[in-house]
Amino acid sequence: MDIHLYNTLTRQKEVFRPLDPQRVTMYVCGPTVYNYAHIGNARPAVVFDTLYRLMQRNFPAVVYARNVTDVDDRINQSAKDQGVPISVITDRYLAAYHADMGALGVLPPTIEPKVTQHIGAIIAMIERLIATGNAYEEDGQVLFHVPSFKDYGQLSRRDRDDMIAGARVDVAPYKRDPADFTLWKPSTPDMTGWDSPWGRGRPGWHIECSAMIERNFGIGPIDIHGGGHDLIFPHHENEIAQSTCAHNGALFCRVWMHNGFVNINAEKMSKSLGNVTLVHNLLELAPGEALRLVLLSAHYRQPLDWTETAVKDARAQLDRLYRALDSLKDVQASDGPAPAGFMAALADDLNTPKALAELHQIANAANKASDAAERARLKGELLACGWLLGLLQQDPAAWMKGAGAADVDTAAIEALIAERKAARARKDWAESDRIRDDLAAKGILLEDKAGETTWRVAS
């Protein structure tokens, strides 16, 4: 099955053909580890994790790099304020990022390059750009000279004046052109820095990804470069310019993909509005799979509105899916691929809303199926589809009982169910109903089926 992906560079969906049919190369801009990740940071992690899973199902090998920016002015300031090395800040928040993304079902990337591990590669690339006349040193700064790259703006397709205004560029006296951007900047004695031909300093943001891609993938185009929509300009535009010039005009990347923004209750998420929503906090209120499902509920290129209602609906959807899976607990799943309709949805530029609709149809069929072979097939399909979406990865019985919920006393619930069973045995229906109603008031729903009573936490 062909996979079609929307290429930001060409503004159209294209059949995806990796440069090497045996090996797909993906690079996605990852976290700057100076604080906890917010839900907007989580969207590209979940979106490109889903793409990574799809590629793994369709190609022999996939090399997926998601970088870590572990030197940054915000990191430097935090380290200075706390009187600690920057590694204390970055190690703390990278561990938190891993924990949060793991809770959302995000697989570890193949490679996780860090900026601080690539300083030599960054310096070497800057030296080449100076040698080719694409960069220059001025007042302790090294800057890329934008007019030296005639195709600048090809990704964002903005007018030059609009690009400069949109980036809020610093019109500094040391710049030859207002659009020129920093490759290397000096560090004061109390600031993190490295020795270089231009003095002690640190890299600019844009050069980091170009150097890490070169070091980990070599010279030549990678297949896919991804990130949030906000990175199209200036970050990815600048990556194209410096990488193309550093490699004598060679193509840098074949397909560019960008996910849309996450809004909070129909408002842009921002510190000024006080609505920055951390994954770290959301996980105290809802299971990670529910948060992941919300992030997959809209097409990745469209804006996503994050609301409490959306989270509640996601939990209810997962309850239905897990109930279908639990109804097949006595069935050995067939070892087969996800069905064609589901795969066609994902292959159509990662159409997760349609894929989720297909998943619910499979669950509905499972609830009605009686034939043993059909039940085995449907269970296999539920699991295969679930893996591709990063859903249905828990034990159904544990999910239904709200595993991990701090306020669920499993032993107490089981004891009350035993009391209710005894009441029913002696035909004390009033007592049976009282126990059922008391549990329901506490958010515990009972289901009587085939002489057995099961329970689950209400959504």
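For Met1, the solvent-accessible surface computed with a 1.4 Å probe is close to 130 Å², ligands and nucleic acids excluded. FRET efficiency for the Ser370 to Asp335 pair, using the beta carbon distance and R₀ = 22 Å, is estimated at 0.50. The string of couplings for region 203-219 from the Karplus curve (6.51, -1.76, 1.60, θ = phi - 60°) is x, x, 5, 5, 5, 4, 5, 4, 5, 5, 5, 4, 5, 9, 10, x, 8 Hz, one whole number per residue in order, with x for Gly and Pro. Between Gln22 and Trp387, the FRET efficiency estimated from the beta carbon spacing at R0 = 25 angstrom works out to 0.65.
Amide H contacts under 5 Å for Ala135: Ile130, His145, restricted to partners 5 or more places along the chain or on a different chain, H placed in the peptide plane at 1.01 Å from N.
Remark on Ile444: its backbone amide H falls under 5 Å from those of Ala458, a criterion applied only to residues 5 or more positions apart or on other chains, H modelled at 1.01 Å from N. Note on Asp81 and Asp2: the extension gain reaches 23.2 nm, defined as 0.36 nm multiplied by sequence separation minus the Cα-Cα distance. Once backbone amide H atoms are built at 1.01 Å from N, Val276 has Ser270 as its partners under 5 Å, excluding neighbours fewer than 5 places away on the same chain.
Applying 0.36 nm per residue to the separation of Asp162 and Arg176 and subtracting their alpha-carbon distance, the gain on full extension is 3.2 nm. Working note: Karplus 6.51/-1.76/1.60 with θ = phi - 60° gives region 30-39 the couplings x, x, 9, 8, 10, 7, 5, 6, 8, 5 Hz, where Gly and Pro are set to x.
Ranked from largest to smallest solvent-accessible area, with a 1.4 Å probe on the protein heavy atoms, Tyr136, Tyr34 come out as Tyr34, Tyr136. Mean residue ellipticity, 222 nm, helices only, the chain: the sum of -39500 (n - 2.57) across DSSP H runs of n ≥ 4, divided by residue count and rounded to 500, is -13500 deg cm²/dmol.
At 10 °C and 1.306 mPa s, what whole-number value in µm²/s does Stokes-Einstein give for the translational diffusion of the chain, with Rh from the Kirkwood sum over Cα pairs?
64 µm²/s
For a label point 7 Å from the Cα of Glu267 along Cα→C-beta, name the residues of region 301-315 whose backbone N is under 18 Å from it. Answer for this model: 304-310.
Relative to a virtual label point 7 Å from the Cα of Thr309 in the Cα→beta-carbon direction, which members of region 237-281 show backbone nitrogen distances below 19 Å? Backbone N within reach: 262-269.
Anything over 21 Å Cα to Cα? Flag those among Lys368/Lys421; Lys13/Lys354; Lys80/Lys185; Lys329/Lys401; Lys13/Lys379, in the order listed.
From the list (Lys368/Lys421; Lys13/Lys354; Lys80/Lys185; Lys329/Lys401; Lys13/Lys379), the Cα-Cα distance tops 21 Å for Lys368/Lys421; Lys13/Lys379.
Across the accessible surface of region 191-237, with the other protein chains kept in place and a 1.4 Å probe, carbon and sulfur atoms take up 52 percent. For region 1-156, the solvent-accessible area of protein heavy atoms averages 40 Å² per residue (probe radius 1.4 Å; ligands and nucleic acids excluded).
For the chain, the share of DSSP beta bridges that are antiparallel, to the nearest 5, is 55%.
The values are calculated or read from the model by the stated rules, or taken from the named source; none is laboratory data. Because the structure is predicted, anything quoted here is derived from the model rather than measured. Virtual Cβ from ideal backbone geometry, glycine too; neighbours counted across all protein chains shown. Surface accessibility is based on the protein's heavy atoms, side chains included, excluding ligands, DNA and RNA. Shrake-Rupley method; radii C 1.70, N 1.55, O 1.52, S 1.80 Å.
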